[in-house]
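Okay, structure first, notes after.
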Amino acid sequence: MSFPLLTATAALPAIGAVATAAVPAARRSAAKWLALLVSLATLALAITVLVRFDPDGTRYQLTESHAWIKDFGVRYELGVDGIAVALIALTAVLIPFIILAGWHDADPLETGSRRWRPTQGFFALILAVEAMVVISFEATDVFLFYIFFEAMLIPMYFLIGGFGDRAHEHGEEAAATQRSYAAVKFLLYNLVGGLIMLAAVIGLYVVAGNFSLQEIAQARTNGSLHMATSTERWLFLGFFFAFAVKAPLWPLHTWLPNAMQESTAPVAVLITAVVDKVGTFAMLRFCLQLFPEASKWATPVILVLALISIVYGALLAVGQRDIKRLVAYASISHFGFIIMGIFAMTSQGQSGATLYMVNHGISTAALMLVAGFLISRRGSRLIGDYGGVQKVAPVLAGTFLIGGLATLSLPGLAPFVSEFLVLVGTFTRYPAIGVIATFGIVLAALYVLVLYQRTMTGPVKPEVSAMPDLRARELVVVAPLIVLLIFLGVYPKPVTDIVNPAVKQTMSDVHKSDPKPEVEAAK
Amino acid sequence: MENLIAPLIAAPLLGAAVLLLGGRRLDRVGHWVGTLLSATSFVFGLILFADLLGKDAEHRTLTQHLWTWISVGSFQADVTFRLDQLSMTFVLLITGVGSLIHLYSVGYMEHDERRRRFFGYLNLFLAAMLLLVLADNYLLLYVGWEGVGLASYLLIGFWQHKPSAATAAKKAFLVNRVGDMGLSIAIMLMFTTFGSFAFGPVLSHTGDTSEGKLTAIGLMLLLAACGKSAQVPLQSWLGDAMEGPTPVSALIHAATMVTAGVYLIVRSGAVFNAAPDAQLAVTVVGAVTLLFGAIVGCAKDDIKKALAGSTMSQIGYMVLAAGLGPIGYVFAIMHLVTHGFFKAGLFLGAGSVMHGMNDEVDMRRYGGLRKYMPVTFITFGLGYLAIIGFPGLSGFFSKDKIIEAAFAKGGTEGWILGGAALLGAAITAFYMTRVMLMTFFGEERWRNQPTRSPQAPSAEPAAEHRGEHAEPHPHESPKVMTIPMIVLAVGSVFGGAFFSIGDRFLHWLEPVTGHSEGDSPLSAAAVTGATMVCLVIGVAIAWAQYGRKPVPVVAPRGSLLTRAARRDLLQDDFNHVVLVRGGEHLTRSLVYVDHTLVDGVVNGTAAGFGGLSGRLRRLQNGFARSYAVSMFGGAALLVAATLLMRAV
Amino acid sequence: MNPVNYLYLAALLFTIGATGVLIRRNAIVVFMCIELMLNACNLAFVAFSRMHGNLDGQIIAFFTMVVAAAEVVVGLAIIVSLFRTRHSASVDDASLMKL
């Protein structure tokens, strides 16, 4: 019995959450430091997982398995493949930055005010989300996954509804109303998805007799578990719907702009860069492995929806007047790319999609956190309230530009590699869809540059003229993210090496191989 | 020796990193650091050049593999550099002209408080451009391709507190992105066709696939080239790009970056050779652009925009030549190099004039400057003679060869293309003579004109800081600016002859690009004669219009064509109406749709459930007997249903 | 005598009880009608028990009686306290239990 590394990686932030919440109200800053410390320790554990993981070894590694609910065959089963390892690492890397960026987001509004903002709660909830996301990436038991997939909603609900931006154009009352609208919308959307998934999970149990991903997948490949075509399709749709809500895929996306707009920037990053990744990850792990035939059956429709997401999200981002909503729609466009890559059923597409999840997490974090710093200085989310910031705060503008350039997938920065892989992977099988998706890169340039031009360039507006540049804490948040973006853009090998073997497995699950080129010129 | 290729790129990249991250401490030395690293790169280039010259013509290719960049399945992208005669030519041009312009900028940007950052961007540009020409595969080329686009964006918008500069920068990037789309689709097509996108495998297997595929690849590459090289229909950004500082216009928007499209087409020669339809499209684009740019150049009163029109037109020549296939590749590159000299020289001259004229750009407010700026006058004049193709100067050799090659294409196409090229030569002579006459000859129209022209606000806001709004005192620029101009003028004079005597340039490039003589219906002498006639006609008309008569300070209304040409032949108006307005309407209506329809369905569902529960609530009226009725009713229904099921 | 007649009687009693519950307002009368329905059910149980020859119905009848007795205790207590507070035994007056 070796050390349960995966359990520890998930349990540490969970324990940390409880401990942070238990810090007495008077010692607010101790809670912050504790949360930061716990997230860093989790990062250390995640790095250990990364090091211990052998990309060329068996499919699931570091496995743990214990009986849990014997009567229903539910087991506490954990195991990671390359895709999960990459995403656990992403989560563990991002959380410390999120905590650091949100250092003052939950401070009391005024000293001595009766409006007490539960600082401890804020950081405890972030750690709780981390714990649940990590265990969702690790779970290889469908039921176990489902529980944490749903439980994640609870802390997220409180994070969105409880902590908004300090400044709001319509006053604190209106802000509270809009926040609770956003939080309820988030919750209901995801609960509906989860409910349908629950039905599918039960259906799967009825058909298969247990919840173990590995056992079911194995039984499906060696033919001992036969599913009727229609059963498989219904179950697939049940799972896919929940993941498509979480991802989010057009037309199930409207909760994301509201949620990201109303929550503070670090929480918005938590939503889009971390929590939503569970949706796309689960498509790769559960939809494709458990229901390969149904996945292939649904591919054309899903690809078209993903394509609509790409173009539609980008076009809507162009039309936004609110910085955070703009980033939200940009994310919808990017999730379209990820889903397109997954369902293109080529190794480039799927490796690209996994890489895209990682890179999108980092690039959105960079862009959104700098946007959050900007918003906290001026007290407005509206693009039109800014102008000429570049002159006043050049470092802030520079980092914002780099975040933006990463978002528009400039070659040399990490997202380019993944976006190009997804496009190539799609193009080799579906040329028309690949070509249309390429329009997305023009639209991405449009919304990023328009945002940059309106906020950062031009004459300095009087309201921003006294804006301070990035502070040390903020630089500590942004600089490592930028370094990561450049490093992974120039040398993505560390990630692709881990991901490629897992993708090869997934490709064999769905009985697909890459299309052969017309001329074998590469020797 | 191949290990020197990476340092060639790394030197300016290091400069960019140091200058952009270094902070204010480097403000005092930053410009010299940038210039020094650029010159270092040039020296590396010279060493490599000497090394290549020492080898046989067939073995002049060096490759350096650094690391595997992306590797997924059969998708293999390496960071590998390839130095052959073609890229060597570009390396020398980029680092040579680049170093000169760095030097010039030391003087030109002296009063700008953000000079360090300017040099950082310039170094970034050099690194990206070198990456572009040294890449061994199309994906790595793409990195350089967008890298120069980024540098161009940053430099056009360098004075970004001016909304016009910020808008021009954004426009340049966006139009280029449309072209980039072409490049990425081309790479994807190569991958599906050849399973690779490295130069070697793709270009040596073009015979194994269908012509249709190659035509598609060729057209997509052409789209990319159109974006980067400002060819019709993606040319609209180049005029606006003149919002950037003048050294930027000289380096990026005249000598190097805008010629990347020509490089791409020549580099992919094997694809185009096997796809005649794509080649035809290339020649058509080139011919149309060379006339388009020339016509626009005739009508502009802004000296930089007139030169920008000229750049567009000259690149049109290069693209035309590149489209002719092996007949034209060498001459496209030769014209590219000579154009790099004389156009950079012309732009630097224009910058020098503006420097002495309080950053005035309107040529109608120049005049008679030859007395005040002798060095600028002579260097600009030599550049002028070179670009119109005055016999013996570099433009003469390179342009004449292109016109010959166009005729050598043969058939009706040959006559049409050759005719267009000849016409272009005449117009070139006209507009360049116009620029020359309006700037350096005639009466001194800047006297008693202390206020700047309202319709052309200053492109160089540095003047505003200096408070120079009084009557200009034209003066010669400092040595640090004139020396680069002199060097470029020397190149403009002797470059063509040096390349052409003994067909040196042809023999140098032939192993890479191939060459064939074609089948010209006209003798070389006849073409040269015709070109000379065109040249004389163009100069004569310009003299009649701008030399004999005084030039009015306020532009006359002009004919319909002149007015259209002043507005870039209405292309921007078309873009504005169709793309900008249309796009705005589209996004606005989509925002509306998303809010009312997509979100409306969601909120409607929620509201529906809310309403339903409101109705159902009424059933709970608190009267025990009404509950009893519903219970009896329910029981009765159950009994009835049971009986019914039994009966069935 | 044919045991089916007992069923007819039980049905008749049940109908009377049900009608009473539905149309009378006085809580005491409603309560008595409920008792009538319960006893109609008891009668039916016993009759069925006799018809099918097993004792299940009779056992349930005893159950019902016990439950009815308990119900009387609680129900009458409610009615009395209702009457005390509102000075009315009408069930329609006690319509506070609504949303």
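What follows draws every value from the coordinates through simple rules; no lab data is involved. What you are looking at is a predicted structure, and each value in this text was computed from that prediction instead of being measured. Here the Cβ positions follow ideal geometry from the backbone for every residue, glycine too, while neighbour counts run over all protein chains shown.
Could you check the simple spin-label distance between A:Leu382 and A:Thr231, using points 7 Å along Cα→Cβ, in nm with one decimal?
With each label point 7 Å from Cα toward Cβ, the separation is 5.8 nm.
Roughly speaking, what is the centre-to-centre gap between segment A:287-349 and segment B:209-243 when only Cα atoms are used, to the nearest Å?
That distance is 29 Å.
Which one, B:Ile378, B:Gly411, B:His355, is farthest towards the positive end of the dipole of segment B:300-456 when Lys and Arg carry +1 and Asp and Glu -1 on their Cβ?
B:His355
Once label points are set 7 Å from the Cα along Cα→Cβ at both B:Arg28 and B:Leu586, what is their separation, rounded to one decimal in nm?
5.4
Report, in whole Å, the centroid distance computed from the Cα atoms of segment A:241-286 and segment B:595-633.
Each part's Cα centre sits 31 Å from the other's.
Can you give the FRET efficiency for A:His104 and C:Thr85, using 1/(1 + (r/R0)^6), R0 = 45 Å, r = Cβ-Cβ distance, to the nearest 0.05?
0.20
If I stretch the segment between B:Ser516 and B:Leu579 completely, what's the gain in nm (0.36 nm per residue apart, minus their alpha carbon distance), one decimal? Could the numbers behind the result be given before it?
Details: separation 63, 0.36 × 63 = 22.68 nm, distance 4.27 nm.
Separation in residues times 0.36 nm, less the Cα-Cα distance, equals 18.4 nm.
Enter the Cα centre distance for the pair segment B:43-64 and segment B:310-350, rounded to the nearest angstrom.
With segment B:43-64 and segment B:310-350 each reduced to a Cα centre, they are spaced 24 Å.
In nm, what is the difference between 0.36 nm times the number of residues separating B:Ala526 and B:His595 and their Cα-Cα distance?
Values: separation 69, 0.36 × 69 = 24.84 nm, distance 6.87 nm.
Roughly 18.0 nm would be gained on extension.
What order, most packed first, do the peptides B:69-82, B:514-527, B:341-354 have when packing is the mean number of other Cβ atoms within 10 Å of each residue?
Numbers: B:69-82: 21.4, B:514-527: 14.6, B:341-354: 29.9.
Highest to lowest by the protection proxy: B:341-354, B:69-82, B:514-527.
Suppose only helical runs count, i.e. DSSP H with n ≥ 4. What mean residue ellipticity at 222 nm does that imply for chain B under -39500 (n - 2.57) per run, divided by all residues and rounded to the nearest 500 deg cm²/dmol?
-22500 deg cm²/dmol
Note down the relative contact order for chain A as a percent, whole number, built from C-alpha pairs under 8 angstrom at least six residues apart.
Relative contact order, chain A: 15 percent.
Taking the Cα centre of the protein assembly as shown as the origin, how large is its charge dipole in debye, to the nearest 20, when only Lys and Arg (+1) and Asp and Glu (-1) carry charge on their Cβ atoms?
Roughly 2780 debye for the protein assembly as shown.
Across the residues of B:181-188, average count of Cβ atoms on other protein chains within 10 Å? All intermediate terms of the calculation are to be shown ahead of the outcome.
Working: counts 6, 1, 0, 11, 6, 0, 4, 11.
Partner Cβ neighbours, averaged per residue: 5.
Can you work out the FRET efficiency for the pair A:Ala174 and A:Val301, with r the C-beta to C-beta distance and R0 = 30 Å, to the nearest 0.05?
Details: r = 40 Å, r/R0 = 1.32.
FRET efficiency, A:Ala174 to A:Val301: 0.15.
DSSP loop GluC sites (Glu not before Pro) in segment B:62-153 with at most 14 other Cβ atoms within 10 Å of their Cβ, which ones?
Counting only loop positions with at most 14 other Cβ atoms within 10 Å, the GluC sites (Glu not before Pro) in segment B:62-153 are B:Glu110, B:Glu113.
Under the Kirkwood approximation for Rh and a Cα-based Rg, what ratio Rg/Rh is obtained for segment B:41-136?
So for segment B:41-136, dividing Rg by the Kirkwood Rh gives 1.09.
Which aspartates and glutamates does A:Lys246 reach when only Cα atoms under 19 Å apart count, and residues fewer than 8 places away in its own chain are ignored?
Qualifying aspartates and glutamates at Cα under 19 Å: A:Glu130, A:Glu138, A:Glu150, A:Glu262, A:Asp276, B:Asp594, B:Asp599.
Which of A:Gly372, A:Ser309, A:Ile433 sits farthest toward the positive end of the charge dipole of segment A:293-514, with +1 on the Cβ of Lys and Arg and -1 on the Cβ of Asp and Glu?
In segment A:293-514, that residue is A:Gly372.
Between the helical axis of A:119-138 and the dominant principal axis of chain A, each derived from Cα atoms, what acute angle in degrees is found, rounded to the nearest 10?
It works out to around 20 degrees.
Given an 8 Å cut-off on Cα distances and at least 6 residues of separation, report the relative contact order of segment B:73-228 as a percent.
Relative contact order, segment B:73-228: 23 percent.
Can you list, largest first and rounded to whole Å, the semi-axes you get for the protein assembly as shown by taking the square root of 5 times each eigenvalue of its Cα gyration tensor? Could the numbers behind the result be given before it?
Working: eigenvalues 1077, 226, 165 Å².
Over the Cα atoms of the protein assembly as shown, the semi-axes work out to 73, 34, 29 Å.
Let me have the relative contact order for segment C:4-86, percent, based on Cα pairs under 8 Å that are six or more residues apart.
Working: 66 pairs, mean separation 21.7, N = 83.
Once normalised by length, the contact order is 26 percent.
Counting only other chains, what is the mean number of Cβ atoms within 10 angstrom of the Cβ of each residue in peptide A:313-319?
For peptide A:313-319, the averaged partner shielding equals 5.
How much net charge surrounds B:Ala166 when only the other residues with a Cβ under 12 Å from the Cβ of B:Ala166 are counted, with Lys and Arg +1 and Asp and Glu -1?
Net local charge, B:Ala166 excluded: +3.
What does segment A:293-514 give for Rg and for Dmax, in Å, if only its C-alpha atoms count?
18.4, 62
Using the 10 angstrom Cβ neighbour count as an exposure proxy, how do A:Tyr356, B:Tyr138, B:Tyr372 rank, fewest first?
B:Tyr372, B:Tyr138, A:Tyr356
Per-residue Cβ counts within 10 Å, from other chains only, averaged over B:135-147: what number is that?
Counting other chains' Cβ atoms within 10 Å and averaging over B:135-147 gives 3.
Taking the alpha-carbon distance from B:Lys213 and a cut-off under 20 Å, which lysines remain once sequence neighbours fewer than 8 residues away in the same chain are dropped?
The reachable lysines, counting only those whose Cα sits under 20 Å from B:Lys213, are A:Lys516.
Mind checking the dipole of segment A:293-514: about its Cα centre, +1 per Lys or Arg Cβ, -1 per Asp or Glu Cβ, Debye to the nearest 20?
I would put it at about 460 debye.
When the helix-only estimate is applied to chain A (DSSP H runs of n ≥ 4, each -39,500 (n - 2.57), divided by the residue count), what is the mean residue ellipticity at 222 nm, nearest 500 deg cm²/dmol?
Result for chain A, helices only: -23500 deg cm²/dmol.
Once you place label points 7 Å from the Cα toward the Cβ at A:Phe3 and C:Asn54, how far apart are they in nm?
6.5
Given a cut-off of 23 Å, name the pairs among B:Lys228/B:Lys305; A:Lys493/B:Lys228; A:Lys277/A:Lys504; B:Lys399/B:Lys549 whose C-alpha atoms lie farther apart than that in the structure shown.
Cα-Cα > 23 Å for A:Lys493/B:Lys228; B:Lys399/B:Lys549; rest within.
So if we plug the beta-carbon distance of A:Asp71 and C:Ile78 into 1/(1 + (r/R0)^6) with R0 = 45 Å, what FRET efficiency do we get, rounded to 0.05? Can you show the working numbers first?
Working: r = 43 Å, r/R0 = 0.95.
E(calc), rounded to 0.05, equals 0.55.
On average, how much area does the Cα convex hull of chain C cover when viewed from any direction, in nm²?
The Cα convex hull of chain C, projected and averaged over all directions, gives 7.5 nm².
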